[in-house]
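In what follows, a single structure is set out as structure tokens and then discussed.
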């Protein structure tokens, strides 16, 4: 069974069984969300977002077009994703450079992920990190700019 809080605004999209969508979440038409996900309050998910199974999205996260999230990913509160390297008001790229988060990766609160970045499988991004380049599998990154401090 899918749970959608009555104060959520969910358009015609695909949501897998067992997923919970909490209050003040906005999911736009065309988004694909897997099974057994938990999408916390005040989250925005745009049209061209693909999310795997058992993903946790904490409050205050916006997932922009082009974002791809694989299975078993954790995204902490207020993580900032971006999808346009050169944003300008009313000027849009032909395609957006989404972010890819590979399976079992975790991203700490308030991290910023720049466009076109891939966060590797089982990688961990520390709270407040600013990720400016790809993160290898099983790497732990912290700081601004984020740098590898060890491997899991």
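A few notes on this one:
- Label corresponding to Rg/Rh (Cα atoms, Kirkwood Rh) when calculated from the structure given, among (1) 1.03; (2) 0.97; (3) 1.06: (2)
- Modelled this way, with points 7 Å down the Cα-to-C-beta line, the labels at residue 3 and residue 152 are 2.6 nm from one another.
- DSSP finds beta bridges in the chain, and of those with both partners inside it, around 10 percent are antiparallel.
- Taken as Cα centroids, region 46-89 and region 112-140 sit 13 Å apart, rounded to the nearest whole angstrom.
- Backbone N under 13 Å from the residue 80 label point (7 Å along Cα→Cβ), restricted to region 45-64: 61-62
- Distance (nanometres) between label positions extended 7 Å along Cα→Cβ at residue 144 and residue 47: 3.3 nm
- With 0.36 nm allotted per residue and the present C-alpha distance subtracted, the residue 88-residue 110 stretch has 5.6 nm of extension available.
Laboratory data are not the source of any read-out in this text; all were calculated from the coordinates shown. Note that the structure is a prediction, hence the values are computed from the model and not measured. Virtual Cβ from ideal backbone geometry, glycine too; neighbours counted across all protein chains shown.
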